[in-house]
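One structure below.
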Amino acid sequence: MSLTLYLNRKVWLRHLAETESRFPGFIPVIKGNGYGFGNEFLANAAQRAGKRSIAVGTVEEARHLGEEGSFDHLLILTPVLNELEPDDLRPERIYTVGSRQHLDYLVSAFARLADSKPNIWSGQERRPELRIAVKLQSAMKRYGFAREEADFLRQLESAGEEAGVAVHVEGYAIHFPKEGMSAASKEAQLKAWLERIPTDTPTFFVSHLSSAQYLRLREEHPQVNWVMRLGTDLWLKDKSFVDVRATVLDIQPVFRGERFGYKQRKAKRDGHLVYVAGGSANGVGLEAPPSVQSMKDALKLTAFWVLNLLNRNLSPYTFQGKRTWFAEPPHMQTSVLFFPSAAALPGVGEELPVQLRMTTAHFDRYIEEGEEEEDLLPSSSEKSDQTLGATS
Ligand SMILES: *Cc1c(COP(=O)(O)O)cnc(C)c1O
């Protein structure tokens, strides 16, 4: 039984390669469920694409990625406020710091580690080095230094002196909202920060800018090393290279008034229960359509809630091009669909297409289709990544 992610490898790799021209010097973001692919799979793809730097969500993700040693820079996007382990002092790590508290915590955690395990720092005469990305506040209002704290940014590198930790600012980072902010106001915020940053040649990590805007910023501010963080747009784009399908496991006739399933609901009509692979553990949920953008979507959403009240739930599984109905809420690894008696039925063993949100999906199987063209991705030795080149 399987919920399977089919990846058209050739098209996917071509898209990864093309992304470099739309966002030169970008850094791949690898986090969470690995956008449906898994973090290790993506780390491997990034490496094969010649990327020398990647970003991960948390320090725990950094620890889990066995590939870590093969990157020059590993940027951790979420501030760390947990006890560190000796391995966390690895030189490729860059920690995001969005407040004085974040910095103080890291400095003292580094100092504690260095004191308790004096041999973990390779060059033993040297002080432990803490490399940071300084997070600046954007309209997101997520963690980040406020503009009024700009003066403090000048003192960041001396913050570790007393504790014997050498703090290096590797770059500045700003995270823009995905929606609801114009390109012009993003640019205004960037420029306001550029005037306040204590160096003329900073590395600047940005996100959620269009390719046109990113390319223009690079042209207008060539002294800045612009690094675009890309997740969804890189790994999934329009999802044209992924195909998700679920195996039909069993089909049972059910009659009006008969009880069935976990909830022992009564069937309202004659029909069939169609058991398919994929359940709540795979991210199959009784979900509303993900966003409402138009009147048409709003009407769909209203229809969805009305049907919900009637205990009828559209499922993300489709058969012959049409959405199917859940017979009851998804089980952990299986879902039960209801097909009315007049409807055509799939065969057991057949696969039905499923629409899942890739950032919450977990698959039983991954199958790559389409052979690889050797020259799609330059190998890492042929290509040097400019990421972070300016400051390190
Ligand atoms: C997740 C994340 C990204 C990537 O976001 P996508 O929408 O998946 O491209 C970029 N920057 C930061 C700080 C993030 O946490």
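Every number in this text was worked out from the coordinates using simple rules, so none of it is lab data. Note that the structure is predicted; figures quoted are calculated from it, not measured. Cβ: placed from backbone, ideal geometry, glycine included. Neighbour counts: every protein chain shown.
If we sort 160-173, 245-258 on the protection proxy, mean other Cβ atoms within 10 Å, highest first, what's the order? Mind dumping the intermediate values first?
Working: 160-173: 19.0, 245-258: 15.9.
Per-residue Cβ counts within 10 Å, averaged per peptide and sorted highest first, yield 160-173, 245-258.
What FRET efficiency comes out for the pair residue 348/residue 298, r = Cβ-Cβ distance, R0 = 41 Å, nearest 0.05?
Values: r = 38 Å, r/R0 = 0.94.
That pair, residue 348 with residue 298, gives E of 0.60.
Report the label-to-label distance for residue 368 and residue 266 in nanometres (one decimal), using points 7 Å from each Cα along the Cα→Cβ vector.
Taking the simple label geometry, residue 368 and residue 266 are separated by 5.4 nm.
Under 1.5 on a/c is rounded, so check that first for segment 242-361, then, if it is not, pick prolate when a/b is larger than b/c and oblate when it is not; a ≥ b ≥ c are the square roots of the alpha carbon gyration tensor eigenvalues.
Numbers: a/c = 1.65, a/b = 1.22, b/c = 1.34.
Because a/c hits 1.5 or more and a/b fails to exceed b/c, segment 242-361 counts as oblate.
Short version: what are the Cα gyration tensor semi-axes of the chain, square root of 5 times each eigenvalue, largest first, in whole Å?
On the way: eigenvalues 433, 102, 96 Å².
Rounded to whole Å, the semi-axes are 47, 23, 22.
Please list, in chain and number order, the residues 5+ apart from residue 130 or on another chain whose amide H is under 5 Å from its amide H, with Hs placed from the backbone.
166, 167, 168
Quick one: among 55, 361, 184, which has the greatest mean-square fluctuation in a GNM of the chain with alpha-carbon springs under 10 angstrom?
Evaluated over the chain, the most mobile residue of the options is 184.
Taking amide hydrogens as modeled 1.01 Å from N in the peptide plane, which residues meet the under 5 Å criterion relative to residue 204, leaving out close sequence neighbours?
Under 5 Å from the amide H of residue 204: 172, 225, 226, 227.
Averaging sequence separations of C-alpha pairs under 8 Å and six or more residues apart, then dividing by the length of the chain, give the relative contact order as a whole percent. Could the numbers behind the result be given before it?
Numbers: 726 pairs, mean separation 92.4, N = 392.
Over the chain, the number comes to 24 percent.
Put +1 on the Cβ of each Lys and Arg and -1 on the Cβ of each Asp and Glu in segment 242-361; which of 317, 295, 247 then has its Cα farthest toward the positive end of the dipole?
So the residue furthest toward the plus end is 295.
Rounded, prolate or oblate: which one fits segment 8-239, using the alpha carbon gyration tensor with axes a ≥ b ≥ c (rounded when a/c is under 1.5, else prolate when a/b beats b/c, else oblate)?
Values: a/c = 2.00, a/b = 1.22, b/c = 1.65.
Note, shape of segment 8-239 comes out oblate.
Can you tell me, using C-alpha contacts under 8 Å and at least 6 residues apart, the relative contact order of segment 8-239 as a whole percent?
Values: 366 pairs, mean separation 43.6, N = 232.
After rounding, I find 19 percent.
I need the phi-derived Karplus couplings for segment 169-178: 6.51 cos²θ - 1.76 cosθ + 1.60, θ = phi - 60°, integer Hz, Gly and Pro marked x.
Computed from phi, the couplings for segment 169-178 are 7, 8, x, 10, 9, 9, 10, 8, x, 6 Hz.
Looking at segment 44-177, I'd like the Rg to Rh ratio, where Rg is from alpha-carbon atoms and Rh is Kirkwood's inverse mean 1/r. Can you show the working numbers first?
Numbers: Rg = 14.9 Å, Rh = 15.4 Å.
My calculation of the ratio gives 0.97.
Over 31 Å between Cα atoms, which of 263/296; 178/296; 191/300 qualify? Before the final figure, lay out the partial values.
Working: 263/296 33 Å; 178/296 22 Å; 191/300 41 Å.
Beyond 31 Å between Cα atoms: 263/296; 191/300.
Apply the Karplus curve 6.51 cos²θ - 1.76 cosθ + 1.60, θ = phi - 60°, to the phi angles in segment 7-16 and return the couplings in whole Hz, x for Gly and Pro.
Karplus values, whole Hz, x for Gly and Pro: 10, 7, 4, 4, 5, 5, 5, 5, 4, 4.
How much of the DSSP beta bridge set in the chain is antiparallel, as a percent to the nearest 5? Provide the component values of the computation, followed by the final result.
Details: 30 of 65 bridges.
If we restrict to bridges inside the chain, about 45 percent are antiparallel.
Which whole-number percent is the relative contact order of segment 1-57 (Cα, under 8 Å, 6+ apart)? Before the final figure, lay out the partial values.
On the way: 34 pairs, mean separation 19.9, N = 57.
35 percent.
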